[in-house]
Structure formats: structure tokens, C-alpha cells
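Please read the structure below before turning to the comments.
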Amino acid sequence: MKEDINQWDLIIESENSLFDLKLDEVWHYRDLLGLLVKRDFVAFYKQTILGPVWFFVQPLFTMVMYIFVFGKLAGLSTDNIPGPLFYLTGITAWTYFAECLTKTATVFRDNANIFGKVYFPRLIIPLSIVVSNLVRFGVQLLLLLIAMVYFAINGGGFTPSLYILLFPVLLVLMAIQGLGLGMIISAMTTKYRDLALLLTFGIQLMMYATTVVYPLSSLHGKMHTLVALNPMTYVIEGMRKGLLGKGSFDGWGLLYITVCSLICLLLGLFVFNKVEKTFVDTV
């Protein structure tokens, strides 16, 4: 029987549905995902003296600064939680979200050369950013756990709650938020590169609209409402509630951040799928 020469292993088409995520192709290219994660990790610390030790140094110095500025000088509440634990929890969560958001937001600009030369599912790049940042998050989480053990041995001041079982869920929702918002902004940075600089500045301001350096319970009135509208607020409050036993978090908070995260992800995927077809012409 004559072999059909029209049977191809891979067919690349320019016309496809905006909601076609090609997840089967993403799975087929999972080895590439692993290589990109390894590349990001090695490239960032290759020419540094301390290397991965920066994973510990950065949150430690940030924590000390927050204790001095917001704890000692400003006198902000830590919800009766030891200051180092309170700030480390916020720093660890916020750093992961901010890194996912800022790096995904410039994914088209930073990888234009690769995108223009070889085909692979473009969603691989944003996913590699989320996964590679998980390594950093895991190391900083280890630092937080060491600090928790230290304070538990020396008098405690905190008691973990059953909400700790939701920690993996909160981590996934946090990653989804960073990924979704990053993909939405990435569509705009292909035409307006100034947005990347604005985002770097804006993400720092956004941190103060999240409960990184103060608890939600310390706010009242309109300020409480505004900060509570930020989905990342309930992620951080939920992590503190689970790990440290204090935080303004309940079932409604979980429902709210779940809905917001899924909306961000769906919008991000829609925009990313649309822009990836024509971004080479504008980058």
C-alpha cells in the first residue's frame, strides 16, 4: 500500500480560535519548558558572587528594613504576630506575584528573536516564568519556615490554623493572577514600551495597596474597602491565617480571589492568543 505523503506530524496554521490554547502542544513541548526554567535560573545568577544565596539575602534585608521603618518608626500593627514572621510572609508572597507579573508583561519584547525564528507554543514562555519563580518562592518559603521554627522554640506568638491546608490553592491563585495580568499587559507593551517602565514603578506602589506591611484588620472605612478589593490582599491574609493563625480571611475571601484570578487568566489567555499572531510586526 502506497504511503500517504500528505500525513504531517505538525501543521502550523495562522487562523485558529482565540480560545484555542493548544494545551496538547504545550504538553508535547514540556521538555522545552524544563530547559527554559533551567536557563532562567542559571542566567540570572551565573555571574553573581553569592549566587542562589541571594534568595535568602534579599528577603532578609527587606524584612529588616520593614521592621525598622514600618514597625519601629511608623508603629504599624503586625496583628500581634512577631514582626519578622509577619513581614516575611508578605514579602515571600508579594515577591513571587510581582516577579511573575513584571517578567510576563515583557515576554514578547524579551523573546522577539526566538519567536521570530522558530515555532513552538508561545504559552510555554509565560509558563516557564511562573515555574522558574516557584524555585525562588520555595527557597524563600524555606526561610520563612526556619523563622517559624525559631519563634516556636522561643515562645511562639503564633498558632497555625486549618487554613494552612489552603496554602497550595492560594499559591496557584497567586500564580494565575500574576500570569493573567502579565499576559494582558504584554499585549500593550508590544506597541507602548514605556508601559514596562511604568509597570516597574507601579508594582512598587501597588504593594502598599496590599497588606504586605500592615494587616487588613488595622484599616477602617473606605481605606479598608479599597485595600480589600485588591485580590492579592486576601492571598496574603489567607497565607498569614494558615501559617500564623492571624488574618482577615474566610470562605468569601477565597471565593472572591478565585473568581478574580480566573477572570484575569481568561482575559490574559484571550489577549495573548490574539497578539501572538501579529506582534512580530510591531515589536
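The values are calculated or read from the model by the stated rules, or taken from the named source; none is laboratory data. All values derive from a computational prediction rather than experimental measurement. Quick reminder, even Gly has a Cβ in these numbers, built from the backbone with ideal geometry, and neighbours come from all protein chains shown.
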Pairs needed: first member in region 264-283, within 14 Å of Arg109 (Cβ to Cβ); second member anywhere, among the polar types (S, T, N, Q) and modelled with pLDDT under 80; C-beta distance under 7 Å; at least 6 residues apart or different chains.
Val275/Thr190; Phe279/Thr190; Thr282/Thr190; Val283/Thr190
Please go through region 49-98 and give me each residue that is of a type in the set (Gly, Ala, Ser) and under 24 Å from the mean Cα position of the chain (by Cα), ordered by number.
Gly51, Gly83, Gly90, Ala93, Ala98
Failed condition for Ser248, given (1) under 28 Å from Gly75 (Cα atoms); (2) of a type in the set (Gly, Ala, Ser); (3) part of a helix (DSSP H, G or I); (4) touching a Leu at 6+ places or on another chain (Cβ under 7 Å), with all others met?
(3)
Can you tell which of Ala98, Ala175, Ala147 is in contact with a Pro (Cβ under 6 Å, 6 or more places away or on another chain) and modelled with pLDDT of 90 or more?
Ala147
So how many residues does region 141-172 have that are among the aliphatic types (A, V, I, L, M) and out of contact with any Gly (no Cβ under 9 Å at 6 or more places or on another chain)?
13
Residues of region 92-111 being under 12 Å from Leu195 (Cβ atoms) and aliphatic (A, V, I, L, M), which ones?
Ala105
Restricting region 242-257 to residues that are farther than 13 Å from Asn80 by Cβ and not aliphatic (A, V, I, L, M), the one surrounded by the most Cβ atoms within 10 Å (Cβ to Cβ) turns out to be Phe249
Filtering helices (runs of 4 or more DSSP H) wholly in region 59-176 for at least 3 residues that are farther than 30 Å from Thr190 by Cα gives 83-105, 124-153
Which residues, taken from region 141-176, are of a type in the set (Val, Ile, Thr) and over 18 Å from Leu85 (Cβ atoms)?
Val169, Val172, Ile176
Tally, over region 186-222, of residues that are surrounded by fewer than 21 Cβ atoms within 10 Å (Cβ to Cβ) and touching a Leu at 6+ places or on another chain (Cβ under 6 Å):
2
Considering only residues of region 67-91 that are under 18 Å from Glu237 (Cα atoms) and aliphatic (A, V, I, L, M), which is surrounded by the most Cβ atoms within 10 Å (Cβ to Cβ)?
Leu88
Looking at region 87-104, which of its residues are among the hydrophobic types (A, V, I, L, M, F, W, C) and touching a Leu at 6+ places or on another chain (Cβ under 7 Å)?
Leu88, Cys100, Leu101
Of all residues in region 177-223, count the ones that are assigned to a helix (DSSP H, G or I), farther than 30 Å from Asn80 by Cα and more than 16 Å from the chain's Cα centre (by Cα).
9
Using the structure shown, decide if Leu170 is surrounded by 21 or more Cβ atoms within 10 Å (Cβ to Cβ) and hydrophobic (A, V, I, L, M, F, W, C).
yes
Output the residue which, of all residues in region 228-245 that are under 19 Å from Ser77 (Cβ atoms) and of a type in the set (Gly, Ala, Ser), is farthest from the chain's Cα centre (by Cα).
Gly245
